Structure formats: C-alpha cells, structure tokens
Amino acid sequence: MTATTETAANASPDHDRTDLHAPVVDWFDAHARDLPWRRPEAGAWGVMVSEFMLQQTPVNRVLPVYEQWLERWPRPADLAAEAPGEAVRAWGRLGYPRRALRLHGAAAAIAERHGGDVPKKHAQLLALPGVGEYTAAAVASFAYGQRHAVLDTNVRRVFARAVAGRQYPPNATTAAERKLARALVPEDEATAARWAAATMELGALVCTARSPECGRCPIAAQCAWQLAGAPPHEGPPRRTQAYAGTDRQVRGRLLAVLRESTAPVPQAVLDRVWHEPVQRARALDGLVSDGLVEPLAGGLYRLPHA
DNA sequence: AAGCCGTGGCC
DNA sequence: TGGCCAAGGCT
C-alpha cells in the first residue's frame, strides 16, 4: 500500500501518510459533534437532505430547517408529492434556493426510478439533480458506509496543509488533489467512511480557514505546513464574490416576498423590493426561467405549483 | 472554465 | 466596518 500511495504528488519520503489515519479517526471518535444526520435513525434520506442543505451553508443555520424538513417529509416520496414551491418555501433563508428545487427533483427521481429509496451506487446518485461529485461520494460514504474519496472544502484545506504544506488549497479543485484524496482513503471500507467524516470534521472544527487551532490538532506534529513554519498563502488571492447591488440580492428580495405569501403576489408589490427597473425585471425573469417563480395571468406571481 | 447562484455571522 | 467564509453544482 505504501508503494502505491507514494506515487501521488508531493509524497513525503519520511513517513507513510497512512500514519494520518489513526490519529485523525481517533480524534473524531473523541470530538465528533452529535449532529442529527449522523444518527442511525437519519437514514440515507436524512443524509441526503443534510448534504443538500450543507452545500455552502453553515451547520448552525441548517440544523433547525433540517429538523422541520425531516418531520414534514420523512421519505423522498413525501417531498415528491408536494408542489416544488413548497420546497422552496420551506427552504427559508438557507440561501441558494435552487438547491430546494433540485432536492425536490431528486426526491421525484428517487420515487420514480428507485422505488422510493435513495440509490446506493455512486453513478446513480450522481445522476440526480443537485448531486455532484462531492455529494454523491458523501451520501455513499455516510449513508451506506462505502469507500469513496470525499473531497470538500474542509478536506481540501486539511490536505493542503498536512500534506502539501500550503496554507490554502488552489482556487479550483485540481487533478492532483483528487489523486491525493484517492491515495489517502483507507483500504478498509468501514475505516474509509470514518476517515471521510473525520477529515471533514477536523477541517470544520480545528483546521479552519481563518484561525486554525494547531494546538488541538491530532496531526500537528506531522503537518507539512506546520513543519515548514506555517508559511502564508502564495499565488492569486481567493476571488470573493460581490453581493450588494447584484442580481442575486434582487432575486433574494423577490423570493423573500413570494415565500411569505401563500396567495399570488401582484407585480406592483414585487416592484417595491428594488428601485432599478431594468435590473429588477432581469432578476424576476431569471427566477422564472430557473423555475423558482411561476408567472400567472394578470401580472401575478407565486412559487411554482408544478 | 470562469462566473453565477443567497444569506448571515464573525473578527 | 466590510471583506472573508461556509459539507457545491451547473453551465
């Protein structure tokens, strides 16, 4: 095993990187948060719902909405039986509401094509709307205990530091990162699934972006970034997206009005959310073409019913 | 493949 | 205060 893993990029000749497995997994056993989607009763559907909600949204904000969703729609078929607009409404202020639409679409596909059960195969998961490389691997690993490389923003940062000796990973995921992640997956299936959860948790709780707590890190002594003296980030700065004044802000305001109203909303009411008419119209058109808003006759709008 | 897609908390 | 960041996916 050592021979194959050492062929990956930036291999350290000093030690086998499988040395990382035991300390990280042991740390996870001692410090893992008790999150509802990690409990056995969550099931694969609970895991999938949580993964959709956690895409770019912090755990603390997801928790209450997750509980409401699972209580209201305990199985994929329950959600699939609802109008998509109800999913958008129940999404609340989690952000990126297209995720709610995609989750509804995934539930419909599961009900139709998979007999109501979240599929187990990575390829089948990947075929569902809103499920990309990360989410497919996460559901297969966390819900079904399979052996996959699970590469999210936390894991990328942990590997960037512990293995590559850099403060931050590249802006976009590289082939080298995928190769490294694959090489580091423990051979044993059950251990692999725990490794995936453990590396994510380490990145979320200890090896954080802004202020890593290396004094609490179980692999600080083997961390390439620490051993190099914690050098600062080199290369192009992270592109952070503007929000104020963008279409996204306008879309957010429009959708907030529609979420609050069960009855169709007149255009005149929507017009009040933004002063600039061209941008306002563009934002509303975008929501309609995304399927997040349904236009009715007479200049009325509502969340989608079909 | 770079840019778009929400929202809110934090330092 | 305001940029930075948060379990990505899609085009």
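Here are the numbers for this structure:
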read-out: The lone exception for A:T135 - which of (1) more than 16 Å from DNA strand B (Cβ to nearest atom); (2) part of a helix (DSSP H, G or I) it fails; value: (1)
read-out: Residue among A:R147, A:R166, A:R157, A:R239 that is in a helix (DSSP H, G or I) and among the basic types (K, R); value: A:R157
read-out: Within segment A:138-160, tally of residues that are crowded, with 24+ Cβ neighbours inside 10 Å and hydrophobic (A, V, I, L, M, F, W, C); value: 8
read-out: Exclusive hit being closer than 30 Å to A:E112 by Cβ, surrounded by 19 or more Cβ atoms within 10 Å (Cβ to Cβ) and within 16 Å of DNA strand C (Cβ to nearest atom), set A:W27, A:W69; value: A:W69
read-out: All positions within segment A:269-286 that are in contact (Cβ under 8 Å) with a residue 12 or more places away in the chain and assigned to a helix (DSSP H, G or I); value: A:V269, A:L270, A:Q279, A:R280, A:R282, A:A283, A:L284, A:G286
read-out: Count - residues of segment A:287-306 that are open to solvent by 60 Å² or more (accessible area, probe 1.4 Å), assigned to a loop (DSSP other than H, G, I, E, B) and free of Cβ contacts under 8 Å to residues at least 40 places away in the same chain; value: 2
read-out: Residue list for segment A:102-130, filter: in a loop (DSSP other than H, G, I, E, B), open to solvent by 10 Å² or more (accessible area, probe 1.4 Å) and over 17 Å from A:D78 (Cβ atoms); value: A:K120, A:K121, A:A127, A:P129, A:G130
read-out: Some residue of segment A:183-198 being closer than 21 Å to A:R238 by Cβ and open to solvent by 20 Å² or more (accessible area, probe 1.4 Å); value: no
read-out: Any chance A:A209 is open to solvent by 30 Å² or more (accessible area, probe 1.4 Å) and over 24 Å from the mean Cα position of the chain (by Cα); value: no
read-out: So A:V278, is it open to solvent by less than 60 Å² (accessible area, probe 1.4 Å) and of a type in the set (A, V, I, L, M); value: no
read-out: Qualifying positions in segment A:161-174 - open to solvent by 40 Å² or more (accessible area, probe 1.4 Å) and away from DNA strand C (no atom under 12 Å from the Cβ); value: A:A164, A:R166, A:P170, A:T174
read-out: Counted residues, segment A:171-191 - those being at pLDDT 95 or above and either assigned to a loop (DSSP other than H, G, I, E, B) or under 20 Å from A:Q55 (Cα atoms) (or both); value: 9
read-out: In segment A:183-207, the residues that are in contact (Cβ under 8 Å) with a residue 60 or more places away in the chain and among the charged types (D, E, K, R); value: A:E187, A:R194, A:E201
read-out: Residue in segment A:225-247 that is touching a helix residue (DSSP H, G or I) at 6+ places or on another chain (Cβ under 9 Å), buried (at least 17 other Cβ atoms within 10 Å of the Cβ), modelled with pLDDT of 95 or more and farther than 20 Å from A:A281 by Cβ present; value: yes
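The values are calculated or read from the model by the stated rules, or taken from the named source; none is laboratory data. Quick caveat, the model's predicted, so the values are computed rather than measured. Because the Cβ atoms are built from the backbone with ideal geometry, glycine has one as well, and the counts that use them run over all protein chains shown. Protein only, heavy atoms only, side chains kept; ligands, DNA and RNA dropped before computing areas. Shrake-Rupley method; radii C 1.70, N 1.55, O 1.52, S 1.80 Å.
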